[in-house]
1. Which is at pLDDT below 90 and in a strand (DSSP E or B), of LEU137, LEU170, LEU105?
2. If the Cβ limit is 8 Å and pairs must be 6+ apart or interchain, which residue in the stretch 151-162 that is over 14 Å from HIS121 (Cβ atoms) pairs with which residue that is modelled with pLDDT of 95 or more and of a type in the set (Phe, Trp, Tyr)?
3. Residue check, TRP112 against (1) surrounded by 15 or more Cβ atoms within 10 Å (Cβ to Cβ); (2) under 27 Å from THR140 (Cβ atoms); (3) hydrophobic (A, V, I, L, M, F, W, C), all met but one. Which one?
4. All but one of (1) touching a strand residue (DSSP E or B) at 6+ places or on another chain (Cβ under 8 Å); (2) over 21 Å from VAL107 (Cβ atoms); (3) of a type in the set (Gly, Ala, Ser); (4) free of Cβ contacts under 8 Å to residues at least 12 places away in the same chain hold for SER27, so report the exception by its number.
5. Looking only at strands (runs of 3 or more DSSP E) that lie completely in the stretch 1-59, which have at least 3 residues being among the hydrophobic types (A, V, I, L, M, F, W, C)?
6. Please go through the stretch 173-195 and pick out each residue that is closer than 25 Å to ILE94 by Cβ, touching a strand residue (DSSP E or B) at 6+ places or on another chain (Cβ under 8 Å) and at pLDDT 85 or above.
7. Consider GLY154 carefully, then state whether it is in contact with a His (Cβ under 7 Å, 6 or more places away or on another chain), more than 22 Å from PHE42 (Cα to Cα) and in a loop (DSSP other than H, G, I, E, B).
Amino acid sequence: MAVSPDGRYVATGGSSDNWVKIFEVASGREVRSIDTGAGATFAMGYTGDGRFLVGSHGDGSLRAWGAAEGTAARTLSTGAGYVPVCGFSRDGRILAYPNDEGAILVVEAGGWSQVRRLEGHEGGTSYVAFHPRGRHLASTGHNGQVKIFDVGSGKMVRLVDEGVGTGSRLTFTADGQALVVAGTDGTVRIFGRKR
């Protein structure tokens, strides 16, 4: 699911079909259906200007569509069996996704050029999230670790090895002061905020 930057539209994708649907938030009316032809949609996001909707799909591709008309704009074949997640910087200019080797690839959303390759997690990367300012990227791995990277240098700046679970999800708070990790053990952990 993804919400447009202006908050007017919400896009949803299915795990059992090729369809992405866009709804107007105010009315709940479906305004567009897109047949991706790429299998299940695992993650989606709008570019910062709201012009494009990007999804990661079951065929291992990242695909962009014009948000207004729903026409295909660009496809990036990732070489992965499938891309379970992709994360966008708040301004929508860059996105990150894991590959089959566990590395995290950071690409520029407009031209799909690779900006950085980050050492992900042994056994694979579960989830990625950008800090609100876009300078840092956090990830969880199948090994239960949380890593925080400096996107500019590509270096890991923090490792949290508290066994958060193999499929954990994470996000930064809106002010960027804390990282929230929802573990597969049912525990939500908050890192960085003073108690």
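The values are calculated or read from the model by the stated rules, or taken from the named source; none is laboratory data. This structure is a prediction, so every number in the text was calculated from the model and none was measured. A quick note on method: Cβ atoms are made from the backbone with ideal geometry, for glycine too, and the neighbour counts reach across all protein chains shown.
1. The unique qualifying residue is LEU170.
2. Pairs that qualify, where the first residue is over 14 Å from HIS121 (Cβ atoms) and the partner is modelled with pLDDT of 95 or more and of a type in the set (Phe, Trp, Tyr), are LYS155/PHE149; VAL157/PHE149.
3. (1)
4. (1)
5. Ranges flagged: 19-24, 41-46, 52-57.
6. THR173, ALA178, LEU179, VAL180, VAL181, ALA182, PHE191
7. Values: in contact with a His (Cβ under 7 Å, 6 or more places away or on another chain): no; more than 22 Å from PHE42 (Cα to Cα): yes; in a loop (DSSP other than H, G, I, E, B): yes.
Taking the combined requirement at face value, the residue does not satisfy it.
Quick grid of which residues meet (1) among the small types (Gly, Ala, Ser); (2) closer than 24 Å to ARG133 by Cβ; (3) without any contact (Cβ under 8 Å) to a residue 24 or more places away in the chain:
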{"residue": "ARG51", "(1), (2), (3)": "no, yes, yes"}
{"residue": "GLY58", "(1), (2), (3)": "yes, no, no"}
{"residue": "ARG63", "(1), (2), (3)": "no, no, no"}
{"residue": "ALA80", "(1), (2), (3)": "yes, no, yes"}
{"residue": "CYS86", "(1), (2), (3)": "no, yes, no"}
{"residue": "ASP91", "(1), (2), (3)": "no, yes, no"}
